[in-house]
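In what follows, a structure is listed as structure tokens, so that the remarks can point back to it.
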Number of protein chains: 2
Amino acid sequence: MNNIDLVKIFKALSSEQRLNIFIMLYEWNQTISEGTADCLCLEDGVEKCFTKTCDCLDLSKSTISHHFKELENAGLINCTRIGQSSVCKINMKAIQAIRDFLK
Amino acid sequence: MNNIDLVKIFKALSSEQRLNIFIMLYEWNQTISEGTADCLCLEDGVEKCFTKTCDCLDLSKSTISHHFKELENAGLINCTRIGQSSVCKINMKAIQAIRDFLK
DNA sequence: TTTATTGTTTCATAATAATCGAACTCTTTG
DNA sequence: CAAAGAGTTCGATTATTATGAAACAATAAA
């Protein structure tokens, strides 16, 4: 993990809205691994993460779609589409890279 | 450490130049704690960090001054002036906050 | 096969951030 | 005290980012 990658990660988390989105996704993923999720969970990811995020934030879906893309480009999440649902997974390697920062 | 504080930290590290500056400061601080620093070290910080940074980067000192200020505002470093020298210290609490991210 | 639903992409705009030169303050040195 | 050195602040410019409306594609439902 070189500096450029960390810059991409830090940049992705440097907007309050995107950090909010990321934290929500992270917590939803946790409820899945705990088995307490209140949603259908496909392929170990959060189902309908996009819709759920739109419900939680006062932003247009267009903007939220842009934010998802930035988180994905930074390698923080992986999103796929299953039917009409967007399924979203946290990339724990990126999290680990943050935790290893300057260690 | 709430989200806002993390946003400030991530924002401060989200520019390639500022991340470079921060990593240099971090490493200079380490040479001090190892006792291998080649400079006079005042108050457990890096002496002449500003001048040294200006020597390492192709940026105006005005711009570098702004970057220092942003790192300081984010709580990542603490700078003081001793004589003509700017003395700079890494705030390890901020580093720890990053490492604790979503833990 | 229409009609919703879900999300993406394009385009434009407003807001932020990065950068630098020049003028400035404070400190040291001659 | 004059001159030089170390950083800061101000003002302006350029580059980047955040945002949303509208058109779009893909899927599901009626």
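The values are calculated or read from the model by the stated rules, or taken from the named source; none is laboratory data. Everything quoted here is computed from the prediction, not taken from an experiment. In this analysis, Cβ positions are derived from the backbone assuming ideal geometry, glycine residues included, and neighbour counts consider all displayed protein chains. Each accessible area value is taken on the protein alone, full model and side chains, heavy atoms only, with ligands, DNA and RNA left out. Shrake-Rupley method; radii C 1.70, N 1.55, O 1.52, S 1.80 Å.
Values as computed for the structure displayed
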| read-out | value |
| --- | --- |
| The protein assembly as shown: C-alpha gyration tensor shape, a/c 1.5 cut-off, then a/b vs b/c | prolate |
| Of A:83, A:32, A:63, farthest towards positive along the dipole that unit charges on Lys, Arg, Asp, Glu beta carbons give region A:3-99 | A:63 |
| Inter-site label distance for residue A:92 and residue A:30 at 7 Å from Cα along Cβ, in nm | 1.4 nm |
| Label point 7 Å beyond Cα along the C-beta direction, distances from residue A:61 to other copies (nm, shortest first) | 5.5 |
| Cβ-placed point charges (K, R +1; D, E -1), dipole of chain B about Cα centre in debye, nearest 20 | 360 debye |
| Phi-based couplings in Hz for region B:60-77 (Karplus 6.51, -1.76, 1.60; Gly and Pro marked x) | 5, 5, 4, 4, 5, 4, 4, 5, 4, 4, 5, 5, 5, 4, 7, x, 7, 9 |
| Helical contribution to [θ] at 222 nm, DSSP H n ≥ 4, -39,500 (n - 2.57), averaged over chain A, rounded to 500 | -17500 deg cm²/dmol |
| Area accessible to solvent at residue B:11, 1.4 Å probe radius, in Å² | 100 Å² |
| Simple spin-label estimate for residue B:69 and residue B:3 in nanometres, 7 Å along Cα-Cβ | 2.9 nm |
| Calculated label separations, residue B:83, copies of the chain, 7 Å along the beta-carbon direction, nm | 7.3 |
| Calculated label separations, residue B:24, copies of the chain, 7 Å along the beta-carbon direction, nm | 4.0 |
| Förster-model FRET efficiency, 45 Å R0, residue B:17 and residue A:82, C-beta, rounded to 0.05 | 0.65 |
| Taking chain B and dividing mean pair separation by its residue count, relative contact order in percent (alpha carbons under 8 Å, at least six apart) | 31 percent |
| Cubic angstrom per residue, convex hull over Cα atoms of region A:3-99 | 93 Å³ |
| Hits among lysines - C-alpha to C-alpha of residue B:89 under 16 Å, sequence gap 8 or more where chains match | B:48, B:52, B:69 |
